[in-house]
Amino acid sequence: MRSSGYSERQTARDLSAYGRDVGFIARDAEHHPENPWRTAVDLEATAHLQSDHRRLLRLLDGLDGPLPSGASAVEERRTRAVALLVAESRHQSVEEDAFWPIVRTALDCGGRLADRALADHVENRRLMRAVEDSEAGSAEFEEALCALSTALREHLVFELQEVWPQLWTAAPSQPLRDLLEHLER
């Protein structure tokens, strides 16, 4: 796939920085037991969605690189694209059912953040349909896949840099427990 506007290195740097922030927050919660609403369950809910984000990034990374040649390489690329579409569709569903409602109610700016994320989801679904509707190996397929890759990476960074830090510091434990229950279903 041709390089997206939002580079893999930039995404990795952003996610790495966020991981350090979450690690710091987790250590801080452990060192301050008087803060009763940061528990192992909160950390588990956070880790679960972070793991999902890392899986999506691995799928995106598996699609980056030179364009394939030959029928089997094109079919492999199509298979990887379908895996990404399935994973992203499931991820969006979980977020729309459980995560964004928590953000909306737990944060003063939650409505604005959730609205932006849901608008991203609408655009990402449009791009996913463009990938599905095009023939693997065609210029249309590659353009749609490149656009989807860029949009998904930007959305993940938005969540990790803007949403999670605010949610972590503002949300009471019960909504995060509810989220974890939903994720485990």
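The values are calculated or read from the model by the stated rules, or taken from the named source; none is laboratory data. Nothing here was measured: the structure is a model prediction, and the numbers come from that model. As a convention, Cβ positions derive from the backbone with ideal geometry for all residues, glycine included, and neighbour counts pool all protein chains shown.
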**Fill in**
With the first residue restricted to region 81-103 and required to be more than 27 Å from residue 63 (Cα to Cα), and the second required to be not in a helix (DSSP H, G or I), Cβ contacts under 7 Å at 6 or more apart or on different chains are 102/171
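When the residues of region 128-142 are narrowed to those that are assigned to a helix (DSSP H, G or I) and acidic (Asp, Glu), which ends up surrounded by the most Cβ atoms within 10 Å (Cβ to Cβ)?
First pass over region 128-142, keeping only residues assigned to a helix (DSSP H, G or I): 128-133, 139-142.
Those left that are additionally acidic (Asp, Glu): 132-133, 140, 142.
On the way: 132: 12, 133: 10, 140: 13, 142: 18.
Top of the filtered list is 142.
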**Prompt:** Among the residues of region 116-147, which ones are closer than 21 Å to residue 70 by Cβ and acidic (Asp, Glu)?
**Reply:** 135, 140, 142, 143
**Request:** Go through the residues of region 89-111 one by one and say whether even a single one is assigned to a helix (DSSP H, G or I), at pLDDT 90 or above and farther than 22 Å from residue 182 by Cα.
**Result:** no
**Request:** Consider residue 117 carefully, then state whether it is within 20 Å of the chain's Cα centre (by Cα), part of a helix (DSSP H, G or I) and at pLDDT 95 or above.
**Result:** yes
**Prompt:** Pick from region 77-114 the residues that are basic (Lys, Arg) and over 16 Å from the mean Cα position of the chain (by Cα): which of them is surrounded by the fewest Cβ atoms within 10 Å (Cβ to Cβ)?
**Reply:** 112
